[in-house]
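Notes to accompany the following structure.
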Amino acid sequence: MPKLFATLLLALLASAAAGQVAAAADAANGETLARRWCAACHIVSADQTSGSTQTAPFSAIGRRSNFDAAQLALFLLAPHPAMPDMGLSRGEAADIAAYIATLK
Ligand code: HEC
């Protein structure tokens, strides 16, 4: 039943995009979000050549010895002065943290 499968898959993708899936964090979605919301200032991936010089590249953050994805996700939920409040959902924050964790 390929049609039913496609419908289910679409529904799953839609809810994942809305950050409503409570399941394990999705690093691939986190990468999409990071490229969309963070790349204006941060270097979010190896193929990105320019960003603001005042911010830490995500790869450097992921490499820190005290890096903790759960802590980072929490940090991302609270706006802080230099960064705009992006209104990330818990799921989105967890996905971005999971993505950054893969950049070591
Ligand atoms: C408008 C520019 C801007 C955008 C967009 C932005 N940031 Fe930032 N971010 C900053 C600046 C500037 C700092 C350093 C400010 C500070 O330390 O208070 C920072 C700091 C951080 C830090 C802490 C860095 C460290 O060294 O510990 C993290 C983590 C971070 N940003 C993640 C993100 C994520 C994830 C996104 C996208 C969802 C994002 N930022 C979007 C400007 C931005």
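Please give the net charge around Gly30, taking every other residue with its beta carbon less than 12 angstrom from that of Gly30, where Lys and Arg add +1 and Asp and Glu add -1. Write out the running numbers ahead of the final one.
Working: positive: Arg35, Arg36; negative: Asp26, Glu31, Glu92, Asp95.
Result for the local shell: -2.
Which percent of the accessible area of region 23-104 is formed by carbon and sulfur heavy atoms (probe 1.4 angstrom)?
Numbers: 2800 of 4950 Å².
Summing carbon and sulfur atoms, their accessible area is 56 percent of the total for region 23-104.
Once you have the Cα-Cα distance between Gln54 and Thr102, take 0.36 nm times their residue separation minus that, and quote the gain in nm to one decimal.
Values: separation 48, 0.36 × 48 = 17.28 nm, distance 2.23 nm.
So the extension gain works out to 15.0 nm.
The values are calculated or read from the model by the stated rules, or taken from the named source; none is laboratory data. All of these numbers come straight from a predicted model, not from anything done at the bench. In this analysis, Cβ positions are derived from the backbone assuming ideal geometry, glycine residues included, and neighbour counts consider all displayed protein chains. Side chains are part of the model used for accessible areas, which takes the heavy atoms of the whole protein and leaves out ligands, DNA and RNA. Shrake-Rupley method; radii C 1.70, N 1.55, O 1.52, S 1.80 Å.
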